[in-house]
Structures are given as structure tokens and as C-alpha cells.
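Working notes for the structure below.
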Amino acid sequence: MRGIKIGVIGAGSVIWSSTIVHDLCLTEGLSGSTVSLMDIDEGRLETAMNFARRYSSERKFDINFEKTTDRKEAIRDADLVVNMAMAGGHPYYEKMRRISEIHGYYRGINAVEWNMVSDYHTIWGFKQFKLALEIARDVEQFSPEAWYIQLSNPVLELTTLLGRETKLKIIGICHGHLESEEVANAIGFNEAEMQIESIGLNHTIWMTKFMRDGENEYPVLNDWINSSYENFLKDWRLLSKSNPFMSQMSPAMVDMYGYFGLVPVGDTVRSGTWKYHRDLRTKKQWYGDMGGFDSRQGWNYYLQVERKITQDLKKAVDDVNVPLSNSYPSEISQEPVIPLVDALLNDKRIVHQVNVMNEGAIDGIPGNVAAEFPATVDGHGVHRQEGKSLPQRILNFSITPRIMRMEWAIEAFLEGGKQTLDSWLISDPRTQNNKQAENVIEALLSIPENQEMARHFR
């Protein structure tokens, strides 16, 4: 019988690919598999390949790694394809953000209510949408029975787009839901003892279950916020002076919880509305001294950290005298990719956080929109538990606006034309007049990298 083949598109993202390789080499059910690493950047691909070969050898794990710059070869005859590619990379999106800010759109035209996350590119994500659809079409042609895992952002838009435009078995995944553990830890609970559930849309999820030993622990959280949060906040603010990655227990989370009645989880806290993001002073109030992950300072910090991790990883790969396994734990990480792969390809029944077409799983979300929720997964696919629900206030003022933005972005990609961009900007509170919107659109479409996008929208 032919062994399992997994295609990894965008494997040059070595931070992600090294984690996938690490988890693969600790998953016995995937022993004997072939993993095809694909990227158009040959240098980064070589680093990923060298890491894979060395690490699997050190672990004495039976797995065959291949590398290719030909996407079709990575996909051909695959049982599962992981797409973690980001078309253009961070420098491309940073360039568009700078242009947008010149025209009065703080943090870019892509920053809108419920989508303030810096690497979640929607309305200006033409390249990313196009790439994901092209990859999906290749899977349809060369491996029509394969599972397609959408890992790179924007997960909501891309999972919905591909779910509507293709017949593939598509699952989007994200690890943001794991940040709910910080809530449990802050109030003195062991997260391993908790039963926590967060549902909604990717980057817009809400903690609908916070239980221990069958008891609802939200009242304990309420008491902690009323009695202990002020003291907790003093230490939190000190730490935030040098660390922007602290949004889960930020004042923004507490404020959003107070209004919506459920705790926002993970990147949901980073999104919110312009109430939390109007300018740097506002961001500092809600996310700490650096203004949080998505301020200019916080995002530059992240990009520097990412570059350093990538550089350090390359140095470690090149230094054959120091075992790579010394720097990695002997347990699988918390990242969601490989446990999902193992469940789907080896028919292991697990509960996993997924993004799939809603189809009745969460009340109030259309069936043809990709919702995020925990579901039972095995070799037969995703088994939804119907009847999950969110408070009406969250549906009205968080979920519905987020779906509207998603629909606008998908329409802009599929239909093109300048009016699809105009409709996005005309409702933006930063737009003072039509001329401002016209100028920023023209400036973005005029850069050399956006020639194809310009033809699409003009």
C-alpha cells in the first residue's frame, strides 16, 4: 500500500515548518510518511529541508522529506496539503500599511472594526486570496481526495472562499483559542483541570464554557476581577513595557467581557473596535506601554523577534556540532497541525478546534460561512455538534460586522472593480471625504508589486 504523503506549501516559513517537523517526529502514526516541502524561496526552503533531515535523523524517526519549488509536485498524489504560505511576505504588507498611513488610515486600510490584527490581510490581500485559490485548484486537479488545511491568514476569509468555490475537504486552523488558558492560570486554576470552549469566527471567538469539575467558574472570574484585577494590573503594566504579547489579560479583555458578557479569547482581544485602537495613546490605555501587539512599536518588535528566531534557527541548522534536538522538547507542541493530520489520516477520533463551514453548528451564523468551534475529528472528517450558541449582543455587534467585512473582501476578490474598494472605505470612520479614499486606492494600486491587483480593481 502507498504510504502517506503530506504536501507543505510555504515551507520556507521555517518557524512554522520546524514546529511541524518537530511534531511529526513525535507522532508514531505518521512514521513512514513522505513530506514534500515546497517554497519558491530556495534559500529558505534549503534551511527547512536541512532542519527536517537533521532533526528526524537525531530522533531516529522513519520519515522521508523531499523539497521542491514546484507546487504541483508537492501536491501530486498527496493525502493532505497544508497551506501556510503568505504571498508577498511581511515587507509587502508593511509597504501598503505605510502608504495607507500617509493618506490618513492609521495602521492601514485593512485595519477595521473586528480586524485590527496586523497580519490578517483581507481587503488588500488580493495576492493571498489568489494564491490560496490557485493552490486549492491544484489540489482539485492532482489530489482531489486530499484534505486541505488552511493555516495562513486570513483563515476566516480563505476557508470561506475555498469552501464556496471548490469541492475540497477544507479545514482552517488557528491556535488563538489556547490563550483561554491564561484566564484560568491568572485566577489560580490549573488549565489541565478546566473544560473550556471558545466559539465564533476565526479571531472573533468567545469563551462560552469555563468549567471545572462540572461547575461553571465564571462567577469565580467575576469575583477575581472585582477583588484582585487591580493589583494584577500593576504587575501586568510593568511587564507590558517590554512585551507586547499580553493582550489576553489586558484591560481591553476585561472591558469587552463587561460589555459582551463572555470573555473574548486570543486575537479577539486584539481586534475589538476603534474604541481600543484609535491611536497609540488609546492602544497604550488598553494594551500596555508598547500599545500592544498591533501598534507600530509592538508590530515592529514582533517582526524583529521573528527575524531573530529565523536567523538563530538557520545558524543552528548550519552548526552540525550541536544537536538540534537539544533545543526542542521531547513532547509534541500545542500547535494544532499535526494532531489534526494524525486524526484525519489515521482515523483517530479527537476533539479539535476547527474552522469549517458552519452548517448549523453555531446558531445565528450562516451555513456558508466558516465558523470556529471544537468538533470531533476522525478519518471521516469533521463531526459538528449542532446547537452551539452565542449571546445576541455578540451576534449583533461582533459576529455580524465581522461577517460583513469578510463578505466585502471576498466580493472584492471575486468581482473586482473600483466600487468594491470604495464601499470598503466609505464606511471607514477615518475617511473624511471621497477624494481621500480615491487617493489611497490609487496610491496602493500604483506600486509595482500591485500591477495585477490594479488591473483587477480598475
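Across q = 0.07, 0.11, 0.12, 0.14 Å⁻¹, the chain modelled as identical point scatterers on its alpha-carbon atoms has Debye log10 I(q)/I(0) values of -0.35, -0.93, -1.12, -1.53, in the order of the q list.
Measure out, as a whole number of angstrom, how far apart the alpha-carbon centroids of the range 89-147 and the range 306-357 sit. Each part reduced to its Cα centre gives a spacing of 24 Å. The antiparallel fraction among DSSP beta bridges confined to the chain stands at about 55%. Here the range 177-294 is assigned +1 on the Cβ of each Lys and Arg and -1 on the Cβ of each Asp and Glu. Its dipole about the Cα centre then comes out at about 700 debye. Applying the Karplus relation 6.51 cos²θ - 1.76 cosθ + 1.60 with θ = phi - 60° to the range 314-328 yields 3J(HN,Hα) values of 5, 4, 5, 5, 6, 8, 6, 7, 10, x, 5, 5, 4, 9, 10 Hz, where x marks Gly and Pro. Taking θ as phi - 60° and the Karplus parameters 6.51, -1.76 and 1.60, the scalar couplings of the range 267-276 work out to 5, 4, 5, 6, 8, x, 9, 5, 3, 9 Hz in sequence order, x denoting glycine and proline. Sorted ascending by nearby beta carbons within 10 Å, beginning with the fewest, 237, 281 become 281, 237.
Karplus-based coupling profile of the range 115-132, in residue order and whole Hz: 8, 9, 7, 5, 10, 10, 8, 10, 5, 9, x, 3, 4, 5, 4, 5, 4, 4, with θ = phi - 60° in 6.51 cos²θ - 1.76 cosθ + 1.60 and x standing for Gly or Pro.
Remark: the range 177-294 is approximated by an ellipsoid whose semi-axes, taken from the C-alpha gyration tensor as √(5λ), come to 23, 16, 12 Å, largest first. Ordering 268, 242, 204 by Cα displacement along the dipole of the range 177-294 toward the positive end leaves 242 in first place; charges were set at the Cβ atoms of Lys, Arg (+1) and Asp, Glu (-1).
What is the magnitude of the charge dipole of the chain about its Cα centre, with +1 placed on the Cβ of each Lys and Arg, -1 on the Cβ of each Asp and Glu, and no other charges, expressed in debye to the nearest 20?
The dipole magnitude comes to about 1200 debye.
Here, the range 1-107 is characterised by an Rg to Rh ratio of 1.12, where Rg is the alpha-carbon radius of gyration and Rh the Kirkwood radius.
Values quoted throughout were computed directly from the atomic coordinates according to the rules given, and no laboratory measurement underlies them. Please read these numbers as outputs of a predicted model, since none were measured by experiment. A quick note on method: Cβ atoms are made from the backbone with ideal geometry, for glycine too, and the neighbour counts reach across all protein chains shown.
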